[in-house]
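**Q** Before I ask anything, let me first share the structure, which is written out below as structure tokens.
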Amino acid sequence: MAVLPVLTWGDPRLKQNSQDIGEWTPELEKLVADMFETSLFEEGVGLAAPQVGVNLNLAVIDCSCGEDPDQRIILINPEIIREEGVQSGSEGCLSIPGIREELERPQKVTIRNRTRDGGWQELTGEDLMARAFCHEIDHLRGRLFVEYFGPVKRQFLQRKYQKQTKG
Ligand SMILES: [Zn+2]
């Protein structure tokens, strides 16, 4: 397993729509293992393939941050099919290190997800898991969480981010 370099805010590859995955391959299995390793190393809850420069509808989520292997979820060609309620809470992104902001998300989210053997499953997540589903699926559509804010706040965050990356 390897820790992969994570693309950061401003990289045009984070703004692309990703492609659906066809057949599951050993290369994808290795990529997923590396993505879990990277997410864990960076102390994230999830990581989407576009963040490591791979333009595929693939993401990993681990709300236990490495504590419980059973909580590892692999999103393959996921789609949100149901949203309920609202939660507010602070959100961050491994591609925008150092920035955390309050963002409203649905409290409960159900997705349709492909499994590695080519079947389909429905997964329902609440609270942090629901937030992670939305956040990672946004990445696959080329959207970062800061894009939910208006232009003034976004520019403020961008300046703050650039200032701290320059040291
Ligand atoms: Zn992110």
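The values are calculated or read from the model by the stated rules, or taken from the named source; none is laboratory data. All values reported here derive from a predicted model rather than from experimental measurement. When we count neighbours, we look across all protein chains shown, and the Cβ atoms used for this are built from the backbone with ideal geometry, even at glycine.
**Q** Taking segment 17-39, which residues are more than 13 Å from the chain's Cα centre (by Cα) and over 21 Å from residue 79 (Cβ atoms)?
**A** Listed by number, the residues that qualify are 25, 26, 27, 29, 30, 33, 34, 37.
**Q** Still on this model: Any idea how many residues of segment 98-119 are more than 16 Å from the ligand (Cβ to nearest atom) and out of contact with any strand residue (DSSP E or B) (no Cβ under 6 Å at 6 or more places or on another chain)?
**A** Number of matching residues: 4.
**Q** Kindly establish whether residue 138 is out of contact with any strand residue (DSSP E or B) (no Cβ under 8 Å at 6 or more places or on another chain) and within 13 Å of the ligand (Cβ to nearest atom). Let's see the steps before the verdict.
**A** Numbers: out of contact with any strand residue (DSSP E or B) (no Cβ under 8 Å at 6 or more places or on another chain): yes; within 13 Å of the ligand (Cβ to nearest atom): yes.
Here the answer is yes, as residue 138 does meet what is asked.
**Q** Output the residues belonging to segment 84-106 that are of a type outside the set (Asp, Glu), assigned to a strand (DSSP E or B) and over 12 Å from the mean Cα position of the chain (by Cα).
**A** 87, 88, 89, 90, 100, 103, 105 - these are the residues of segment 84-106 that are of a type outside the set (Asp, Glu), assigned to a strand (DSSP E or B) and over 12 Å from the mean Cα position of the chain (by Cα).
**Q** Additional query: Looking at residue 13 and the list (1) over 20 Å from residue 98 (Cβ atoms); (2) in contact with a strand residue (DSSP E or B) (Cβ under 8 Å, 6 or more places away or on another chain); (3) within 14 Å of the ligand (Cβ to nearest atom), which single condition is not satisfied?
**A** Result: residue 13 fails condition (2) only.
**Q** Taking residue 95 and the conditions (1) within 16 Å of the ligand (Cβ to nearest atom); (2) without any contact (Cβ under 8 Å) to a residue 60 or more places away in the chain; (3) among the small types (Gly, Ala, Ser), which numbered condition does it fall short on, given that it satisfies the others?
**A** It is condition (2) that residue 95 fails.
**Q** Let me ask something else. Go through 73, 81 for me and flag whichever is outside any helix (DSSP H, G or I), within 15 Å of the chain's Cα centre (by Cα) and either at pLDDT 95 or above or of a type in the set (S, T, N, Q) (or both).
**A** Numbers: 81 fails: within 15 Å of the chain's Cα centre (by Cα).
That would be 73, the only listed residue that is outside any helix (DSSP H, G or I), within 15 Å of the chain's Cα centre (by Cα) and either at pLDDT 95 or above or of a type in the set (S, T, N, Q) (or both).
**Q** Would you be able to tell me the number of residues in segment 114-155 that are surrounded by 18 or more Cβ atoms within 10 Å (Cβ to Cβ) and over 24 Å from residue 9 (Cα atoms)?
**A** Result for segment 114-155: 2.
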